[in-house]
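Worksheet: one structure, shown below.
What follows is calculated from the coordinates using simple rules that are stated; it is not laboratory data. As the structure is a prediction and not an experimental result, all values here were calculated from the model. Note that each Cβ is placed from the backbone with ideal geometry, even for glycine, and that neighbours are counted across all protein chains shown.
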Amino acid sequence: MSTTSRTRPPFTWWLVTLLAVPIVGYALAYVIVGAPMYPPNLTASFVARPFGIYPHALFGSLALALGALQFNRWLLLRHRPWHRTLGTVYVASAMIVGLAGLYMSVYSFGGMVTHVGFGALAVLLLWTTTQAYLSARARAIAAHRRWMLRSYALIFAAVMLRIELPVLIMAFGDFTPAYRVVSWLCWVPNLLWAEWYVRRPPSIPLPAVERARVA
């Protein structure tokens, strides 16, 4: 089997990308259109804090898009300099998202449950992204990939929130309890899955020459 066929994006990559693309557009609409795009219950808080919501939406959309590209190993192997450049942009974007998210979490709708839920998401995003950057600088490639997966799993909370929130609103019949639940549900399962994925035993180890090539 050729290297090309082994590194073509799997179905899960296409699924993640398909789910991420519309949310990238939705987040950009926050920046371009502004208040008319905000959920009614969140409009007052977002309008009062443009320096929180605009960076959060703009750099969140950038991190969501670039993160998906970074996990396409078919592109990585053919455009390695681009991988490094886009990875640097991803790290900077994710750090801005984390800082803006931490600020916005203090004022989040729903009270202490959402303050802590979204605040924990922001702190973990900052931590995992920092670890991903430091491990890349140390050329600890395997560790770098693991931390990047954790970081992107947290960025992907933006997608899961938009999928889960309407379902929760229908289940509870009200926005407030749904938003409290989604402030945790949008990211905790993502991170648990990422942790399981990076700790699972490898199915078929690559030959040494292939591992060196991918690293």
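Below, the figures for the structure above:
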read-out	value
Dipole of region 3-214 [Lys/Arg +1, Asp/Glu -1 at C-beta], most positive-end residue of HIS83, TYR107, VAL182	HIS83
Difference of contour (0.36 nm per residue) and Cα-Cα distance, THR12 to ILE169	53.8 nm
Dipole magnitude of the chain about its Cα centre (Cβ charges: Lys, Arg +1; Asp, Glu -1), debye to nearest 20	1060
Rg/Rg_globular for region 90-159, with Rg_globular taken as 2.2 N^0.38 Å and Rg from C-alpha atoms	1.16
Calculated FRET efficiency for the pair VAL33/THR130, C-beta based, R₀ 22 Å, to 0.05	0.10
MET104, MET170, MET95 arranged by Cβ crowding within 10 Å, fewest neighbours leading	MET170, MET95, MET104
Quotient of Cα Rg and 2.2 N^0.38 Å for region 42-155, N being how many residues it contains	1.14
Acute angle (nearest 10 degrees) that the helix 50-70 long axis makes with the longest principal axis of the chain, alpha-carbon atoms	30
Ratio of the Cα radius of gyration of the chain to 2.2 N^0.38 Å, where N counts its residues	1.07
Cα-based helix-to-principal-axis angle, 112-137 vs the chain, degrees rounded to 10	20
In degrees, nearest ten, helix 175-185 long axis to first principal axis of the chain (Cα)	20
Computed E for SER45/MET112 - FRET, C-beta separation, R0 22 angstrom, nearest 0.05	0.90
